[in-house]
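Right, one structure below, let's go through it.
The values are calculated or read from the model by the stated rules, or taken from the named source; none is laboratory data. These numbers were taken from a predicted model, which means no experiment stands behind them. No Cβ is skipped: glycine too gets one built from the backbone with ideal geometry, and neighbour counts run over all protein chains shown.
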Amino acid sequence: MKTIWPILGGLVNVAMVLLVAPFCEGVLRKVTARIQSRQGPPLRQPYFDLLKLLGKEDIESGEAPRMQRFAVYLSLATVLTVACLVPMGFAAPLNGAGDVVLLIYLLTLSGICTLLAGLAAGSTYSLLGISREMMTMIALEPLLAVAIVIGAVHTQSFRLDTVLNGSVYGAGFPLSGLVMLGVMLLSFQAFVQRVPFDIAAAETELMDGPLVEYSGPKLALFKYAQMVRLVIYSGLFVALFVPWGSGLVFPLGWLLFWAKVFCLVLLVTVVAATHARYRIDQAIRYFAALLVVSLVALILASYGR
Amino acid sequence: MIARERLNQLVKKFGDGIRRADLPADNRLFVYVEPSGVKPVCEYLFRNLDARYVTSIGTDDRPFSGKFMVAHNFAFDRDGILCGVLAHLPADNTKVDSISDVVPAANWAEREIRDLVGIEPVGHPYLKRLVLSDGWPDGVHPLRKDVAWDFVPEGYDGERGFKFDDPPAGCTVVPFGPFHPTLDEPAHFRLYVEGEMVRGCEYRGFMAHRGIEKLAESVLTYNDIPMLAERICGICGCVHNVCYAQAVESAVALPPPPRAEYIRTIMLEIERLHSHLLWFGLACHIVGFDTLFMQSFRIREPVMWIAEKISGNRKTYALCLIGGVRWEITPELKAALRAVLDKLEAEWRRVIAAVSKDRNIQKRTRGIGVADKKLVKEVGLIGPVARAAGVDIDCRRDHPYAAYDRVDFDVITENGCDVWSRLLVRAKEVFESIKIIRQCLEKMEPGPLQTEIRDELPVGRLGLAAVEAPRGESHHFIVTGQNNRPRRWRVRAPTYQNLQGVPAMIKDQQLADMTISLGSIDPCFSCTDRLETMDLKSGATKVWTQEELLKLVRARAT
């Protein structure tokens, strides 16, 4: 009986993100359209888009078709696994199965899937895309890792349920936690790969970069993974930085969690709609500055501030 | 007369080298020289008298004079003179000294003459095929008069590829185009990339062959051509329409009535309004700022509607005939146009106020795609690209046509030489256009729309006309002919020169800046890809051969 609950919880989380992610995308598109004085597609459009792509012919156009297929499956599988490790209105289902280090690894793996996908496609544009993706990853992943480690320092634990519960603030509001909140807000667009940091895909420069050779069902799964990514990172952000109310009784805490996620999606939308894309060198300089700040926050945290 | 002064300077320098000179008007100068004199005269004009290079034309004049002819056109922008240096070549020796080493801007035009007319520019630094498609057999020159407009040459080789230069050591090749989300039309840049840095490129364009000039010279008549000219470009078509009409009118000295001139001015400025707003939106889209893209297009839309109200079409106004215009601007249209302008001005002010403070856009555009004064001179860059480099040229003021000499406006210049400056120039020109249209509406008086033409147009006259298109100066050259059609008509669209500056603009900057740098000249490939006959398509792929494609197309058609 004991093993059944984590499995059920995991399934609930996976089902929830799979259901909600396209809706979030729909909200994002609709709000973007309104900002741009357009009508915009109906909220359910992303579901139809996915279905349509899934129903298309599966064309193998890249250099290494098997690797391409594998990268796609792995990409979606990784983000869905992460979904089981993030508390979404109740404790993380696979709480005991791993710690925050596993979480960091899995998040990195989802980035590596993009590299793999681009590499397997093997076109010049996808290779340019993955070289940008790689540079972004190297500069970006440490930011989240530092945030999690700061939480771990404050709570003296690597356990998921301890860290993913507003741990960056520990007890009270230490300076390091607030600094890290700022850093994460400023880099959040990059984690979810939206303008101004959609540099690796950069439609008007690289024609979607790593995904340039993907079509039909494979593209559908990749797009799905990207939509899920937005939800997962929003969930992580909520868990780390705005955990209040998550302890409420079942429907309340759960509803509150999704409300917070939607607020983040709206924020992402507004920022994306009001910015131009940065160049990779400008972005890297920006991330490097954030990294320095986050390291200062880490030092502060280790002194208990 | 300044034209005479210039001629005297030339005569003083070259003496008998100048065989003949025509001054058909105060602002036109045609100088005939021996083939051997072409290069020194052009060098003197370009370097010593600081004339701006416009274009070169080759023509097969054998049925009339038994000779070939080359013309190199220059402009004295301060003096308001358009000038042609012409030389006749014997039919059995179609060679002339290339001027490209002293006038680099002539590079493309001379290669084009070689492709289409078969006049060999001797000493040209880069004699590669430019205009003809890859499979076209050597030695067949479609613009020669003995080649019929529907001629299909023997030995067309659809499999023959284009031989590109070798990339420099250490560079990988990134193919950009023919199909790319930011290219609206086919063009191919072979970029040499080192990491993220572009170290050089080779351009292969001219992929859409429509045979427009050939059709005009062999099938259509004077008053058909304006409608065809308009279809050269989907954005600045009216410019070509007006420019062609003006070239013929200047050749045969047939001024249009004043009201027609005002209407031409109004339509040209309406076109500039919609073109600049379109460019602005696309530029924002290229750097990923889609909100401004959409807003810019929303603001632009009423301009399209008013154009439709006036001419019946959003684009392709079918405005001009020789000696006049076809559409009247009625009092109701005047009122509607004024309302559109007021709304546009208010909305555009708000956009510009927001953009000029936006550091995000400046980060992507400042210091990018640099074209300085020297490059402008050497490559003959024009329009907003030149004005953004502080070169104060605008043929609306320098070579006034239509009603531009009767309205008051400023020529906007900036000194940044970069994409940001071009953006500012275009943004501010929107206000100038609004100003011009308002003055025209104010000043235009009732009168006829069309000058009456009693006789056939005289034969063998030369006509030059320049019209400031939204993206730079369009230039039309015409030789009038028999059978109610021109003997030769040559179109030089602004992108033809501006595109030649792009390799220098994108060199040694990031690949990410390539698209916005190219976009910043407001490229219009269809204007450039002007020539050639027939519906042959090169570019057969592994899956579809050219024959299969043709078969497929024809099967669908029946």
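Structure notes:
- Candidates B:150, B:134, B:184, filtered to the one that is within 26 Å of the chain's Cα centre (by Cα), within 14 Å of chain A (Cβ to nearest Cβ) and of a type outside the set (Phe, Trp, Tyr): B:184
- Among (1) closer than 21 Å to residue A:140 by Cβ; (2) in contact with a Ser or Thr (Cβ under 8 Å, 6 or more places away or on another chain); (3) modelled with pLDDT of 90 or more; (4) more than 14 Å from chain B (Cβ to nearest Cβ), the one test that residue A:27 misses: (1)
- Residue match in the range B:357-380 (condition: outside any helix (DSSP H, G or I), under 21 Å from residue B:272 (Cα atoms) and in contact (Cβ under 8 Å) with a residue 24 or more places away in the chain): no
- Listed by first and then second residue, the pairs linking a residue in the range B:341-353 that is closer than 14 Å to residue B:303 by Cα to a residue that is assigned to a helix (DSSP H, G or I), with Cβ atoms under 6 Å apart and 6 or more places separating them unless they lie on different chains, are B:341/B:434; B:345/B:434; B:347/B:299; B:348/B:430.
- Filter result for residue B:296 (over 22 Å from the mean Cα position of the chain (by Cα) and small (Gly, Ala, Ser)): yes
- Test: residue in the range B:203-218 that is within 14 Å of another protein chain (Cβ to nearest Cβ), surrounded by 18 or more Cβ atoms within 10 Å (Cβ to Cβ) and closer than 24 Å to residue B:517 by Cβ: no
- If you go through the range A:190-209 and pick out every residue that is more than 8 Å from every other protein chain (Cβ to nearest Cβ) and over 17 Å from the mean Cα position of the chain (by Cα), you end up with 3.
- Single condition residue A:157 does not satisfy, out of (1) closer than 26 Å to residue A:291 by Cβ; (2) within 14 Å of another protein chain (Cβ to nearest Cβ); (3) more than 16 Å from the chain's Cα centre (by Cα); (4) among the hydroxyl-bearing types (Ser, Thr, Tyr): (2)
- Of residues in the range A:92-135 being of a type in the set (S, T, N, Q) and away from chain B (no Cβ under 13 Å), the one nearest to residue B:192 (Cα to Cα): A:114
- Residue match in the range B:336-352 (condition: among the aliphatic types (A, V, I, L, M) and either on the phi > 0 side of the Ramachandran plot or not assigned by TED's automatic domain parsing to the domain that holds residue B:240 (or both)): no
- Verdict on residue B:371 being modelled with pLDDT under 95 and either assigned by TED's automatic domain parsing to the domain that holds residue B:102 or surrounded by 14 or more Cβ atoms within 10 Å (Cβ to Cβ) (or both): yes
- Conditions (1) in contact with a helix residue (DSSP H, G or I) (Cβ under 6 Å, 6 or more places away or on another chain); (2) surrounded by fewer than 23 Cβ atoms within 10 Å (Cβ to Cβ); (3) of a type in the set (Gly, Ala, Ser): number failed by residue A:215: (1)
- Residue within the range A:101-124 that is of a type outside the set (Gly, Ala, Ser), more than 30 Å from residue B:193 (Cα to Cα) and not in a helix (DSSP H, G or I) present: no
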